[in-house]
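Please treat every number below as a calculation from the coordinates, not as lab data. Keep in mind it's a predicted model, so treat the numbers as computed, not measured. Backbone-built Cβ (ideal geometry, glycine too); neighbour counts: all protein chains shown.
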Amino acid sequence: MTTKTAGVHTEDARRSYRDQGLWPQYSLGERVRHWASERPDAIAVVDGTDGRRVTYRQLADDSARVAAWLVDHGIEPGDGISVQLPNRYETVVMDVAALSVGACLNPLLPNYRRKELEHFLRVSEARVFATPSTYRRFDHAALGEQLCAELGGTILHLVVDHDGHEYDGIPFAEALSRQPLTNFPRVRPDGVSELIFTSGTESLPKAVMHTEETVNHSVEASIAHLGLGDDDVVWMPSPVGHSTGFNFGVRLALNAGLSVVLQDIWQPAEAARLIEENRCTYTLAASTFLADLLRAAREDGRDLSSMRAFGCGGGPVAAELVREAAAQGVHVLRIYGSTEGLIISWNQADALQYKREETDGLPPQHTEVTAWDDQGNVLPVGEVGELMVRGPNVCVGFFDDPERTAATFDPDGWLRSGDLGFVDADGFVTVSGRKKETIIRGGLNIAPREIEDLLAAMPGVRDVAVVGVHDARLGEIVGACVVPEAGWSPTLADVVEFLAAKDLATYKLPQYLVVLSELPRTPTGKIRKTELATSINSERNEPA
């Protein structure tokens, strides 16, 4: 693919990052081969679906075979490889192989269908498209063949089959049958190695470009920030078809020579079993995963005490949930990140309890975070504004989208996060909500996050989201979407009474309540608030 970086990092910044060693000069493939040499019998991947335990020696060998297949089929550094595979061992092999030959990896979520996939394959200029044969009763092989044919017939369709289905396309086993590649091409650490599309909370996904330099910096900074060492075990239930699961599950583990335990289909009881049996110590997942996990572990009597670093973000993380996890031996470390900025702030186990419960932690070393007002002025400590991020962790732009790149990055390399929050006197970051989710009621701005944090602690509330609901007189009013525990159906009066007792300003009190069995979420756990607001306003016959 032809990369267009639009100069997000200034020339002085790029030189400084390299001179200080902040941008690692290696690829993921090189790290896997390093550990295969240093610790060949150490377990690299545990496939939670079938129990396979694969060593670094085997992973290096398998990925070198697939790399040989890629080279034999003319794949060169910079070529796009789209991988739409679930959390299985073969996905890791495919990803490592792609990065070993200097290709641009485009991880894709398994639940994407024709509309999204056609767009992604075009934008990524894919030369190879890897899919399952079938997955969760959907025929991926058939759709993949159709798309590859419709897009000119130049895309190689590689199919991973776990179920013995008949399919068109090239069997993954064929790639694995090659002799392992030994003469690997030079991988440029500053070349675009990842093209990751945003997870779907916006109507038009952004094609975010990262290099091995930007991603490996964020991964290494996270390892140091959390104090991860040789005895740690990564558990990853977040999809590896997106940045969270791939970069802070698979890549983090393989960079550090650790084991990664992959969980494919989300089943809380199975999650508790995997953690207990593998003594997993670290993960990064949304709060919905955490709440489900704690509930299942209590019911089944599972021991989660090995989990010393449960990175939790992607939405509100209630203080009560942090305390509940601590009671079960799970140390929750609230996190703030994005596809563009990767890890922006992360709590640490030795932080004061109230910091771990009420803030999203400290930025990793060399990452700057400040809050700005609408005029571009840096706000004083504690004042809420748009969070701005700068550092060696930030992406290099959006592919072939100069207007969006210019609107998102300022000339000095600051990333406009689109999130509202503040930085306290100790440097801890607290996110209060999305800037565009701000509810404007009669000219007064309301941050949904503040109300969500309070409602999350309401007895009987299992999940919650707050959105703006159109109102002819006030413009917007506060709408609360609540998922209650079984056997209880709250009323609007119940919700208002609870919040009023918390001394919440009266103009922030909900005037509309929706009781749901579950909230719509992206595969990475983010609440689809636009979908909620559209549904509510449609039922009220009002514009969204």
Per-peptide average of other Cβ atoms within 10 Å, ordering 387-398, 366-377, 247-258 highest first: 387-398, 247-258, 366-377
Whole-Å distance linking the alpha carbon centroid of segment 404-467 with that of segment 80-158 is 34
Peptides 403-411, 421-429, 475-483: what's the order by average Cβ count within 10 Å, highest mean first? 475-483, 421-429, 403-411
Give, in nm to one decimal, the length gained when the segment between Val378 and His162 is fully stretched (0.36 nm per residue of separation minus the Cα-Cα distance). 72.4 nm
Rounded to one decimal in nm, the spacing of the 7 Å Cα→Cβ label points at Lys115 and Leu516 is 1.8
The chain: relative contact order in percent, alpha carbon pairs under 8 Å with at least 6 residues between: 12
Given backbone amide H placed at 1.01 Å from N, residues whose amide H is under 5 Å from that of Val233, ignoring those fewer than 5 places away on the same chain, are Thr281, Tyr282
Antiparallel DSSP bridges in the chain: what percent, to the nearest 5? 55
So if each residue of separation counts as 0.36 nm, and I subtract the Cα-Cα distance between Asp400 and Ala269, what length gain in nm does that give? 42.8 nm
Would you list which lysines come within 21 Å of Lys206, measuring only between C-alpha atoms, while excluding same-chain residues fewer than 8 positions from it? Lys4, Lys115, Lys435, Lys436, Lys526, Lys529
Normalised per residue, the volume of the convex hull around the Cα set of segment 367-517 (Å³): 166
Additional length obtainable on full extension of the chain from Arg186 to Ala326, 0.36 nm per residue less Cα span: 45.8 nm
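Highest first, please rank the peptides 308-321, 515-528 by the mean number of other Cβ atoms sitting within 10 Å of their residues. Write down the numbers at each step before the final one.
Numbers: 308-321: 22.2, 515-528: 17.4.
Put in order of decreasing packing, that is 308-321, 515-528.
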Percent antiparallel among DSSP beta bridges (both partners in segment 248-394, rounded to 5): 60
Here are a few candidate values for Rg and Dmax of the Cα atoms in Å: (1) 29.1, 92; (2) 23.1, 71; (3) 23.8, 92. Which one was actually calculated from the structure I just gave you? (2)
So, in nm, how far is label Gln146 from label Glu11 when the simple model puts each one 7 Å beyond its Cα toward the Cβ? 5.0
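Where does each of Met458, Met94 land when they are ranked from fewest to most other beta-carbon atoms within 10 angstrom?
Met458, Met94
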Compute the distance from the alpha-carbon center of segment 12-29 to that of segment 176-240, in whole Å. 15
About the Cα centre of the chain, what is the dipole size in debye to 20, counting +1 per Lys and Arg Cβ and -1 per Asp and Glu Cβ, all else neutral? 100
Which of the GluC sites (Glu not before Pro) found in segment 77-179 are in a DSSP loop and have at most 10 neighbouring Cβ atoms, other than their own, within 10 Å? Glu166
Can you tell which of Asn111, Thr131, Gln146 lies farthest toward the positive end of the dipole of segment 108-167, using +1 and -1 charges on the Cβ of basic and acidic side chains (Lys, Arg; Asp, Glu)? Asn111
Quick one: if you stick a label point 7 Å off each Cα along the C-beta vector at Leu492 and Gln25, how many nm between them? 6.4
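About the Cα centre of segment 438-539, what is the dipole size in debye to 20, counting +1 per Lys and Arg Cβ and -1 per Asp and Glu Cβ, all else neutral?
Charge dipole, segment 438-539, about its Cα centre: 280 debye, nearest 20.
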